[in-house]
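Please read through the structure below; I'll follow up with questions.
The values are calculated or read from the model by the stated rules, or taken from the named source; none is laboratory data. Here the structure is a predicted model, which is why all the values come from computation and not from measurement. Quick reminder, even Gly has a Cβ in these numbers, built from the backbone with ideal geometry, and neighbours come from all protein chains shown. Heads up: the accessible areas ignore ligands, DNA and RNA and are worked out on the full protein's heavy atoms, side chains in. Shrake-Rupley method; radii C 1.70, N 1.55, O 1.52, S 1.80 Å.
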Amino acid sequence: MTESTIIPYLAASDARAALEFYKSVFGAVVVDGEYYEMDDGRLGHVSMKIGDASLFLSDEFVELGAVSPTTAGASTVAVVIHVADADDTYDRAVEAGATPQRPVQNQNGARSGWFLDPWGHRWSPTSPEKPEN
């Protein structure tokens, strides 16, 4: 079991594709023994680590109230993720199919931007501020 004080649990309209996106963009790693497929073919649960943080993911289970932003029509939660290089992470996300919302820039002592992943979840890659040229 993954241990963390708070663990975001995301539902995606295609959790397998979302998992591959999180692996390629954020370097997510699946926790051994924490990947469960349901009899109906849906991904029931996967635990992953991104750096020292934990993240849970599943397909939608509308019958249980687990809907994705795609079904809900919007995301009410955003995830700020500390990365080595916000520009690089943002660019990889957009190249992998994310929708840009705000470009990366120096702001409030950090460098960050915002994008929607292909399943409607809002992300803000954040890294140390870069000197102005």
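How many residues does segment 92-110 contain that are at negative phi and either open to solvent by 40 Å² or more (accessible area, probe 1.4 Å) or touching a residue at least 40 places away in the same chain (Cβ under 8 Å) (or both)?
Qualifying residue count, segment 92-110: 13.
Collect the residues in segment 18-36 that are open to solvent by 40 Å² or more (accessible area, probe 1.4 Å) and closer than 20 Å to Ser68 by Cα, keeping them in residue-number order.
Matches in segment 18-36: Glu20, Lys23, Tyr35, Tyr36.
Within the bounds of segment 37-49, is there any residue that is within 23 Å of Ser127 (Cα to Cα) and surrounded by 14 or more Cβ atoms within 10 Å (Cβ to Cβ)? Break it down stepwise before answering.
Taking segment 37-49 and keeping what is within 23 Å of Ser127 (Cα to Cα), we get 48-49.
Then drop every residue that is not surrounded by 14 or more Cβ atoms within 10 Å (Cβ to Cβ), which leaves 48-49.
The answer is yes, given that some residue of segment 37-49 is within 23 Å of Ser127 (Cα to Cα) and surrounded by 14 or more Cβ atoms within 10 Å (Cβ to Cβ).
Before we move on, is Thr89 open to solvent by 70 Å² or more (accessible area, probe 1.4 Å) and either in contact (Cβ under 8 Å) with a residue 60 or more places away in the chain or of a type outside the set (Asp, Glu) (or both)?
Numbers: open to solvent by 70 Å² or more (accessible area, probe 1.4 Å): no; either in contact (Cβ under 8 Å) with a residue 60 or more places away in the chain or of a type outside the set (Asp, Glu) (or both): yes.
For Thr89, the condition - open to solvent by 70 Å² or more (accessible area, probe 1.4 Å) and either in contact (Cβ under 8 Å) with a residue 60 or more places away in the chain or of a type outside the set (Asp, Glu) (or both) - is not met.
What are the pairs, 6+ residues apart or on separate chains, where a residue within segment 13-37 that is on the phi > 0 side of the Ramachandran plot has its Cβ under 8 Å from a residue that is surrounded by 14 or more Cβ atoms within 10 Å (Cβ to Cβ)?
Gly27/Ile50
Would you confirm, using the coordinates I've provided, whether Pro103 is out of contact with any helix residue (DSSP H, G or I) (no Cβ under 9 Å at 6 or more places or on another chain) and either assigned to a strand (DSSP E or B) or not hydroxyl-bearing (Ser, Thr, Tyr) (or both)?
No; evaluated as a whole, the condition is false for this residue.
Of everything in segment 73-86, what is of a type in the set (S, T, N, Q) and open to solvent by less than 60 Å² (accessible area, probe 1.4 Å)? Give them in sequence order.
Ser75
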